[in-house]
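Here is the structure we will look at, set down as structure tokens.
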Amino acid sequence: MVGFKATDVPPTATVKFLGAGTAACIADLITFPLDTAKVRLQIQGERQGPMQAAASAQYRGVLGTILTMVRTEGPRSLYSGLVAGLQRQMSFASVRIGLYDSVKQFYTKGSEHAGIGSRLLAGSTTGALAVAVAQPTDVVKVRFQAQARAGAGRRYQSTVEAYKTIAREEGFRGLWKGTSPNVARNAIVNCAELVTYDLIKDTLLKAHLMTDDLPCHFTSAFGAGFCTTVIASPVDVVKTRYMNSALGQYSSAGHCALSMLQKEGPRAFYKGFMPSFLRLGSWNVVMFVTYEQLKRALMAARASREAPF
């Protein structure tokens, strides 16, 4: 990320890689209920038309969804799929966020002045690489968040069982279901999230509106979260629906999107927008602030070791 002074000890690729994964896990622990509410709202009404879906909606709004889940399934339901979620973040965020600076420098051939094109290319690259690494964890996370904890209709009882059941019933490809929309989503999300954060922070520092500290990181992260939600929501809804669908329900991600448009109308692509924004906004704030502090702490520790006196 931008903002380091020449006197700073530059963070190594390992520091960025581990720092990003750790910060993302902390952000997930704090914001996971919002993500679960988002998934429930996104899949609601997928087998009905817009009129029937509106009339029979089980979940209404972010708070309503969370309260309904707590009342009908218990508080633990809000963290259904957390294990897979943390597995996903440790492998996923480490690649897409931790390697962003390194890939950006590769595209700019080491230059400190990266243009918007280089930033977008770096964000797309690390976003796609992250999906290639972490797709099975994302599939299991979504399946767990979508299923109700109560009743006999639960598809999976544990994370390990989910991986085994999907592989056995749907084949190895089942664990990679929705890879195409997920690659598209995460290329978009990564560009919107990292590039927007980078640009906002760069602008604030160059205009001397803020210094490279907590308020600057908070402002940049909040702006990145809002921009990302607006841009990525349609792809995110399709990804969630397709990953959670029964075998044969949709022939492709495109078929899923077309079915949504025909049955529920264009507004279906922004289902769960408010929890998406609350989640992405808060997730970005927690993750980027934690990530920046972790990098600085590790850099300071390294500097003190190299110059103890």
Review point. Just a yes or no: is a residue in the stretch 92-113 out of contact with any Asp or Glu (no Cβ under 6 Å at 6 or more places or on another chain), among the polar types (S, T, N, Q), outside any helix (DSSP H, G or I) and modelled with pLDDT of 85 or more?
Key: yes
**Study point:** Qualifying positions in the stretch 270-288 - touching a Leu at 6+ places or on another chain (Cβ under 7 Å) and farther than 20 Å from Tyr197 by Cβ
**Key:** Lys271, Gly272, Pro275
Review point. How about the stretch 150-172: which of its residues are at pLDDT 85 or above, under 24 Å from Ser91 (Cα atoms) and not β-branched (Val, Ile, Thr)?
Key: Glu161, Ala162, Tyr163, Lys164, Ala167, Arg168, Glu170, Gly171
Exercise for review: Within the stretch 95-143, work out how many residues are under 26 Å from Leu78 (Cα atoms) and more than 15 Å from the chain's Cα centre (by Cα).
Suggested key: 1
Check your understanding: Which number in (1) within 24 Å of Leu120 (Cβ to Cβ); (2) surrounded by fewer than 19 Cβ atoms within 10 Å (Cβ to Cβ) marks the one condition that Asn186 misses?
Key -> (2)
Study note, to complete from the structure: Just one listed residue, out of Ser252, Ser282, is small (Gly, Ala, Ser), within 23 Å of Glu169 (Cβ to Cβ) and open to solvent by 10 Å² or more (accessible area, probe 1.4 Å), and it is Ser252
Check your understanding: Can you tell me which residues in the stretch 171-183 are open to solvent by 40 Å² or more (accessible area, probe 1.4 Å) and more than 12 Å from Leu129 (Cα to Cα)?
Key -> Phe172, Arg173, Trp176, Ser180
Point to revise | Selection from the stretch 58-78 of residues that are surrounded by fewer than 19 Cβ atoms within 10 Å (Cβ to Cβ) and part of a helix (DSSP H, G or I) | key: Leu63, Gly64, Leu67, Thr68, Val70, Arg71, Thr72, Glu73, Pro75, Arg76
Check your understanding: Quick check, is Ser91 open to solvent by 10 Å² or more (accessible area, probe 1.4 Å) and either in contact with a Pro (Cβ under 6 Å, 6 or more places away or on another chain) or in contact (Cβ under 8 Å) with a residue 60 or more places away in the chain (or both)?
Key -> yes
Practice item. Looking at (1) open to solvent by less than 20 Å² (accessible area, probe 1.4 Å); (2) outside any helix (DSSP H, G or I), find the lone condition where Ala162 falls short. Key: (2)
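The values are calculated or read from the model by the stated rules, or taken from the named source; none is laboratory data. Quick caveat, the model's predicted, so the values are computed rather than measured. Positions of Cβ are backbone-derived with ideal geometry, glycine not excepted, and every protein chain shown enters the neighbour counts. Note: accessible area is taken over every heavy atom of the protein model, side chains too, but ligands, DNA and RNA are not part of it. Shrake-Rupley method; radii C 1.70, N 1.55, O 1.52, S 1.80 Å.
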